[in-house]
1. How much length is gained on full extension from Val234 to Thr195, taking 0.36 nm per residue of separation minus their Cα-Cα distance?
2. Rounded to whole Å and ordered largest first, report the semi-axes of the equivalent ellipsoid of segment 135-216 derived from its Cα gyration tensor (root of 5λ).
3. Keeping all protein chains in place, calculate the accessible area per residue for segment 84-188 (probe 1.4 angstrom), answer in Å².
4. Cut-off under 29 Å on the C-alpha distance; same-chain residues fewer than 8 positions from Lys157 excluded. Which lysines are left, in chain and number order?
5. So for each of 179-188, 121-130 I average, over its residues, the number of other beta carbons within 10 Å; can you give me the resulting order with the highest mean first?
6. Leaving out ligands, DNA and RNA, and with a 1.4 Å probe, what % of the accessible surface on the chain is carbon or sulfur?
7. Under the 0.36 nm per residue contour assumption, what length would be gained going from the current alpha-carbon distance of Val151 and Ser217 to full extension?
8. Accessible area of Phe71, 1.4 Å probe, to the nearest 10 Å²?
Amino acid sequence: TVPVWLRASPWAWSIPAAAAALPIGLLLASPPGERLKDLLVYHGAGGTAGAGQNLYAFRTTFSMPFTYPPFAALVVEPLSRMPLGVAQTLWTVATLAAVVALAPVALRPVVDRIGMPLTVTALLLSSPVRSHLRFGQVGVFLVLLVALDLVHRQRWKGWGLGLAIAVKLTPAVFLPWLAVTRNGKRLGATLAWVTGATLAGLVLLWPSASDYMFRASRDTTRFGANDIPGNQSVRGMLLRLFGPDGVQNAERAWLLCA
């Protein structure tokens with residue numbers, strides 16, 4: 001049984017604060033130009049979009065390209081209007097706020113059992129959230145959008161999942177789930193949000209949008225190597241196991257596992 005003070009006392013928040021201090025301390029110890037490498041992509045791509053240049057020709061100083069749909073560039077464009085240090089600070093603060101907001105939405109049974117402070121601590125210690133804090137990724141915000149949409153009972157449906165898919169294609173995995181569970185109204189609403197947001201990105205960023213549709217979206221070399229140790233998925237493990245000469249065998253094994 002978790003003591004009451006760990007579940008309810010304001011002092012219990014010192015525990016997640018300590019959990020957040022280590023990754024943030026490591027960030028501060030690195031040079032400003034090397035912090036939050038994914039955020040460098042968003043910051044630079046937002047400026048590229050604002051200047052009317054081709055998003056998909058942009059590369060950071062680490063040669064990292066912008067790999068998201070055009071709508072994502074519209075969302076992050078305001079970041080390019082502020083100094084990089086300010087953007088990094090706001091992004092990190094927003095990430096911590098999103099983690100706190102995510103706990104009662106996606107992990108309500110856990111919060112009811114051990115309280116908010118310990119639940120937030122568990123999230124901060126998890127590999128995905130630590131990675132998000134280290135690289136300045138967008139994943140926590142997308143998870144929060146999807147959770148707010150799919151978990152909460154509300155009048156408006158489809159907005160969170162739809163916007164998340166328009167920013168990054170990965171959350172589209174929930175579309176077949178909605179179809180299988182015969183949640184037609186939510187599926188239709190989600191598709192409407194996806195379509196509207198995607199069209200907004202295509203129309204407003206047309207020079208970049210045409211490159212995305214006809215080249216960049218199918219260029220898998222832009223997404224980086226899948227066999228790096230940081231990829232702890234089953235597919236990543238199999239690619240490392242079979243080695244560079246056994247990619248086809250690794251793919252077959254992955255399909256069987258999937």
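The values are calculated or read from the model by the stated rules, or taken from the named source; none is laboratory data. The structure presented is a predicted model; accordingly, all values stated were derived computationally and were not measured. With ideal geometry, Cβ positions are generated from the backbone for all residues, glycine too; neighbour counts draw on all protein chains shown. Just so you know, the surface numbers come from the protein's heavy atoms only, side chains and all, with ligands and any DNA or RNA stripped out. Shrake-Rupley method; radii C 1.70, N 1.55, O 1.52, S 1.80 Å.
1. Values: separation 39, 0.36 × 39 = 14.04 nm, distance 3.19 nm.
Length gained, Val234 through Thr195: 10.9 nm.
2. Values: eigenvalues 112, 46, 27 Å².
Listed largest to smallest, the semi-axes of segment 135-216 are 24, 15, 12 Å.
3. Values: 5510 Å² over 105 residues.
For segment 84-188, the per-residue accessible area is 52 Å².
4. Candidates past the 8-residue exclusion: Lys168, Lys185.
5. Numbers: 179-188: 12.6, 121-130: 17.4.
Per-residue Cβ counts within 10 Å, averaged per peptide and sorted highest first, yield 121-130, 179-188.
6. Working: 9720 of 14560 Å².
Carbon-and-sulfur percentage of accessible area, whole number: 67.
7. Details: separation 66, 0.36 × 66 = 23.76 nm, distance 3.04 nm.
Taking Val151 through Ser217 to full extension adds about 20.7 nm, to one decimal.
8. Here the residue's solvent-accessible area equals roughly 40 Å².
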